[in-house]
Amino acid sequence: MTQPGLTPAQRRIYRAALYLFAEKGVTQVSVRELAEQAGVARGTVYNHVDSVETLFEQVSEALTQEMNQRIVQSFRHSHDSDSRLATAIRLYIKRAHEEPAWGQFISRFGFTSPALRRLGAGAPVQLLLDGIQRGHYQVRTDQLSGVITMIGSSVLGAIYLVRQGVRTWRDAGSDCAELVLRSLGVAPERAQQLAQGELPALPEPRWQ
């Protein structure tokens, strides 16, 4: 995980923190473990980290910004809100499969971290608003927070099935996208078609 403006040492610390937080939680991670996982001296960690708790929020915020930016970039060839929503759902689930630490971090903290909750407050909200305004979705604007929670729960549930080896990311992603679209009022045939169509690659992050 990376982000523009970070030093190489900070990037290594962020990647190490993502892995350790996903595995152990926040309160069980020490500076010594961070340094060992990142391959830096403990003094380097102290120079860049105020506290483990602060680092957790910084990592969560960086993860949120990065994923939202990459999801938006994946839409550059599509102007259809239904297609975009299906794509976003499937890309989240695919990434959780391809990057296990990322998937575990999302699964563990998706509903408890304020920063991670904003994963559903960026591109997904705009897609829903667009669909509502165009009359595609049978949802009232006052139901928006409930719909966001429903979609987030569905995606996290699909990620759980993939991480447990119950479903492949392709099947879990397609089913999740189809069912979400149908719940919003999209016709079953169209929902299935969009959920099983060609999936664009998630654009490379601008920080590495």
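Observations
- Residue among 146, 152 that is on the phi < 0 side of the Ramachandran plot, within 17 Å of the chain's Cα centre (by Cα), of a type outside the set (Asp, Glu) and open to solvent by less than 60 Å² (accessible area, probe 1.4 Å): 152
- Flag if residue 183 is modelled with pLDDT under 95 and either surrounded by 15 or more Cβ atoms within 10 Å (Cβ to Cβ) or on the phi > 0 side of the Ramachandran plot (or both): yes
- Enumeration of residues in region 90-101 that are buried (at least 21 other Cβ atoms within 10 Å of the Cβ) and over 28 Å from residue 139 (Cα atoms): 96
- Flag if residue 34 is aliphatic (A, V, I, L, M), open to solvent by less than 70 Å² (accessible area, probe 1.4 Å) and touching a residue at least 60 places away in the same chain (Cβ under 8 Å): no
- Residue match in region 188-200 (condition: assigned to a helix (DSSP H, G or I), exposed (fewer than 14 other Cβ atoms within 10 Å of the Cβ) and under 16 Å from the mean Cα position of the chain (by Cα)): no
- Restricted to region 114-170, and to residues there that are of a type in the set (Lys, Arg) and either farther than 21 Å from residue 98 by Cβ or assigned to a loop (DSSP other than H, G, I, E, B) (or both), the residue that is modelled with the highest pLDDT is 167.
- Sole residue being loosely packed, with under 15 Cβ neighbours inside 10 Å and either touching an Asp or Glu at 6+ places or on another chain (Cβ under 9 Å) or within 24 Å of residue 183 (Cα to Cα) (or both), chosen from 87, 141, 112: 141
- Whichever residue in region 73-84 is modelled with pLDDT under 85 and of a type outside the set (Phe, Trp, Tyr) and, among such residues, is least open to solvent (accessible area, probe 1.4 Å): 78
- Hits in region 1-31 - residues which are open to solvent by less than 60 Å² (accessible area, probe 1.4 Å) and assigned to a helix (DSSP H, G or I): 9, 10, 13, 14, 16, 17, 18, 20, 21, 22, 31
The values are calculated or read from the model by the stated rules, or taken from the named source; none is laboratory data. The shown structure was predicted, so the numbers you read here are calculated from the model rather than taken from an experiment. Cβ coordinates were reconstructed from backbone atoms using ideal geometry, including for glycine residues, and neighbour counts include every protein chain displayed. Just the protein is used for accessible areas: all its heavy atoms, side chains included, with ligands, DNA and RNA removed. Shrake-Rupley method; radii C 1.70, N 1.55, O 1.52, S 1.80 Å.
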